[in-house]
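K.L.:
One structure, pasted below without further comment.
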Amino acid sequence: MTSPDKASQETITGVRVWVPGKLFSFTCTRPTGFRFTAGQFARLGVNNTLVIAGEPDVIWRAYSMVSGPYDEHLEFFSIVVPDGAFTSHLSRLKVGDPIWVDKTNFGFLTTARFESGKHLWLLGSGTGLAPFLSILLDPDTWNKFETIVLVHSARTVEELVYQDQIQQFTGHPLMSELVPNLAERFRYIPVVTREKAPNCLNERITTLLANGELSEVTGLTLDKADSRFMICGNPEMVTDLRNTLKIMGFSPARRNTPGEVAVENYW
Ligand SMILES: Cc1cc2nc3c(=O)[nH]c(=O)nc-3n(C[C@H](O)[C@H](O)[C@H](O)COP(=O)(O)OP(=O)(O)OC[C@H]3O[C@@H](n4cnc5c(N)ncnc54)[C@H](O)[C@@H]3O)c2cc1C
Ligand SMILES: NC(=O)c1ccc[n+]([C@@H]2O[C@H](COP(=O)([O-])OP(=O)(O)OC[C@H]3O[C@@H](n4cnc5c(N)ncnc54)[C@H](OP(=O)(O)O)[C@@H]3O)[C@@H](O)[C@H]2O)c1
């Protein structure tokens, strides 16, 4: 039994399929009193209705919030892992179905990791886009940084999800009111690596950083005083990017050790 002290049963309020059988997003009601910092993740639980052997009655996984800290609902973006214990259940959920949300928030992929900095680079692969959408929706991020660059790398164009929200972000009713000069301060760089795609860069983020292309297309110089990096998604991408940035002179931001790079691995 899942204890109501630790977790709250919420209700799915919307589902959006981006790529059938592969990528989808959903919204659910927000537990009363559930607070989080943009970039954090929740632990979500689904009832093991498929009775997957060896799995508990409620299967739990970490999920980054896509929604902003002030949104009424919670939103999440998910992959469908073939035969994955959690996503086999999650991808079947419909509006009105229950989902468990742990009442505690988790995670350190937040801008609190940085003491200073002017330009924030959000580098995500695949579903690693999720926490960055929440970070963009937090007015505090914009108070802290002058410019924010969102780089999302996907294998194919159809996996470049949330295009409508990102393209229209600078016209977001609340954010455009709260954030001065939002349009000049936000840059979105879509990257597609396994097919030709117009208006996208076509090489891995590691290559684009090392060869100076990201700096060139954004018009931003990369340096220790001003640049801060958050990386999320595929662990190999996280490791390779961290190493690329290390060679360029950037170091991890650790507790008690200021740095320029904060990361989160999804598996
Ligand atoms: C801090 C944190 C935050 C996370 N946030 C998200 C999120 O916002 N959205 C999300 O879809 N997943 C997220 N994940 C991954 C998520 O917790 C589960 O791993 C995922 O739901 C798959 O669960 P599963 O039981 O179906 O498969 P699992 O048994 O958990 O995973 C099986 C395999 O699937 C692959 N895999 C797992 N997750 C992903 C992924 N996201 N993208 C591509 N391949 C994957 C890996 O190869 C993994 O070994 C997060 C993980 C962590 C640690
Ligand atoms: N998306 C799919 O169609 C699909 C299908 C079946 C299984 N899966 C499995 O799902 C997992 C992740 O899938 P995903 O869709 O999120 O794709 P992913 O493999 O994480 O790729 C997403 C983006 O990250 C880039 N990337 C991956 N490794 C990198 C690295 N080391 N350095 C720099 N960039 C890197 C990819 O470039 P590259 O294209 O150059 O790798 C791609 O642009 C994998 O385990 C995969 O086997 C995915």
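K.L.:
What's the percent breakdown of Cα-Cα distances in region 39-141 across 5 Å bins, shortest bin first?
P.N.:
2, 11, 20, 22, 17, 12, 7, 4, 2, 1, 0
K.L.:
Using only alpha-carbon positions, what ratio does the radius of gyration of region 180-224 give when scaled by 2.2 N^0.38 Å?
P.N.:
Details: Rg = 12.0 Å, N = 45, 2.2 N^0.38 = 9.3 Å.
Expressed relative to 2.2 N^0.38 Å, the Cα Rg reads 1.29.
K.L.:
If you place +1 on the Cβ of every Lys and Arg and -1 on the Cβ of every Asp and Glu, how big does the dipole about the Cα centre of the chain come out, in debye to the nearest 20? Walk me through the numbers on the way to the answer.
P.N.:
Numbers: 25 positive and 29 negative charges, 78 e Å.
Magnitude of the dipole: close to 380 debye.
K.L.:
Specify the angular offset, from 0 to 90 degrees and rounded to the nearest 10, of the alpha carbon long axis of helix 235-247 from the longest principal axis of the alpha carbons in the chain.
P.N.:
20
K.L.:
Could you list Trp18, Trp100 in order of exposure, starting from the residue whose Cβ has the fewest other Cβ atoms within 10 Å?
P.N.:
Details: Trp18 16, Trp100 23.
Going from least to most buried by this count: Trp18, Trp100.
K.L.:
Sort Asp164, Asp223, Asp97 so the one with the fewest other Cβ atoms within 10 Å of its own Cβ comes first.
P.N.:
Values: Asp164 8, Asp223 14, Asp97 17.
Neighbour counts put them in this order, fewest first: Asp164, Asp223, Asp97.
K.L.:
Quick check: residue separation of Lys224 and Lys246 times 0.36 nm, minus the Cα distance between them. What number comes out in nm? If you can, show how the numbers build up before the last one.
P.N.:
Details: separation 22, 0.36 × 22 = 7.92 nm, distance 1.11 nm.
Contour length minus the Cα-Cα distance gives 6.8 nm.
K.L.:
Oh, and also: What fraction, in whole percent, of alpha-carbon pairs in region 161-203 exceed 12 Å separation? Please list the in-between numbers first.
P.N.:
Values: 586 of 903 pairs.
Looking at region 161-203, the distances longer than 12 Å represent 65 percent of pairs.
K.L.:
Can I ask one more? Quick check on my link table: of Lys22/Lys196; Lys22/Lys103; Lys94/Lys144; Lys22/Lys144, which ones sit more than 30 Å apart, alpha carbon to alpha carbon? It would help to have the intermediate numbers written out before the result.
P.N.:
Values: Lys22/Lys196 21 Å; Lys22/Lys103 28 Å; Lys94/Lys144 38 Å; Lys22/Lys144 35 Å.
Exceeds cut-off: Lys94/Lys144; Lys22/Lys144.
K.L.:
Quick check: residue separation of Trp60 and Asn181 times 0.36 nm, minus the Cα distance between them. What number comes out in nm?
P.N.:
Details: separation 121, 0.36 × 121 = 43.56 nm, distance 4.08 nm.
Once the chain is fully extended between Trp60 and Asn181, it gains 39.5 nm.
K.L.:
Choose one answer from Ser125, Ser176, Ser64: the residue with the largest mean-square fluctuation in a GNM of the chain with alpha-carbon springs under 10 Å.
P.N.:
Residue with maximal mean-square fluctuation among Ser125, Ser176, Ser64: Ser176.
K.L.:
Pick out, in residue order, every one of the GluC sites (Glu not before Pro) in region 1-103 that is DSSP loop and has at most 14 other C-beta atoms within 10 Å; say none if there are none. Provide the component values of the computation, followed by the final result.
P.N.:
Details: sites: Glu10, Glu72, Glu75; in loops: Glu72.
Loop-located and lightly packed - Glu72.
K.L.:
Another question, if that's okay. Can you compute the radius of gyration and Dmax for region 111-265, using only the Cα atoms, both in Å?
P.N.:
Looking at region 111-265, its Cα Rg and Dmax stand at 14.7, 44 Å.
K.L.:
While we're here: Could you check which residue among Thr257, Thr239, Thr207 shows the biggest mean-square fluctuation in a GNM of the chain with a 10 Å Cα cutoff?
P.N.:
Comparing Thr257, Thr239, Thr207 in a Gaussian network model of the chain, the most mobile one is Thr257.
K.L.:
Using a Gaussian network model of the chain whose springs link C-alpha atoms within less than 10 Å, name the residue from Ala42, Ala53, Ala154 with the highest mean-square fluctuation.
P.N.:
Of the options given, Ala53 has the highest mean-square fluctuation.
K.L.:
If you consider only alpha-carbon coordinates, what radius of gyration and Dmax does the chain have, in Å?
P.N.:
Reported Rg and Dmax, both Å: 18.5, 54.
K.L.:
Could you name the aspartates and glutamates in cross-link range of Lys224, using Cα to Cα under 12 Å and dropping any fewer than eight places away on the same chain?
P.N.:
Glu260
K.L.:
If you rank Ser215, Ser88, Ser227 by fewest surrounding Cβ atoms within 10 Å, what's the result? Show your work: numbers first, answer last.
P.N.:
Values: Ser215 16, Ser88 19, Ser227 23.
With the sparsest Cβ surroundings first, the list reads Ser215, Ser88, Ser227.
K.L.:
Counting only trypsin sites (Lys or Arg not before Pro) that sit in a DSSP loop (anything but H, G, I, E, B) with at most 14 other Cβ atoms within 10 Å, what is the longest stretch of the chain containing none of them? Let's see the in-between values first.
P.N.:
Working: sites that count: Lys6, Arg35, Arg92, Lys94, Lys118, Arg155, Arg194, Lys196, Lys224, Arg255.
The longest such stretch corresponds to 36-91.
FYI, it's all coordinate maths here, none of it is from the lab. If you're wondering where the values come from, they're calculated on a predicted model, not measured in any experiment. No Cβ is skipped: glycine too gets one built from the backbone with ideal geometry, and neighbour counts run over all protein chains shown.
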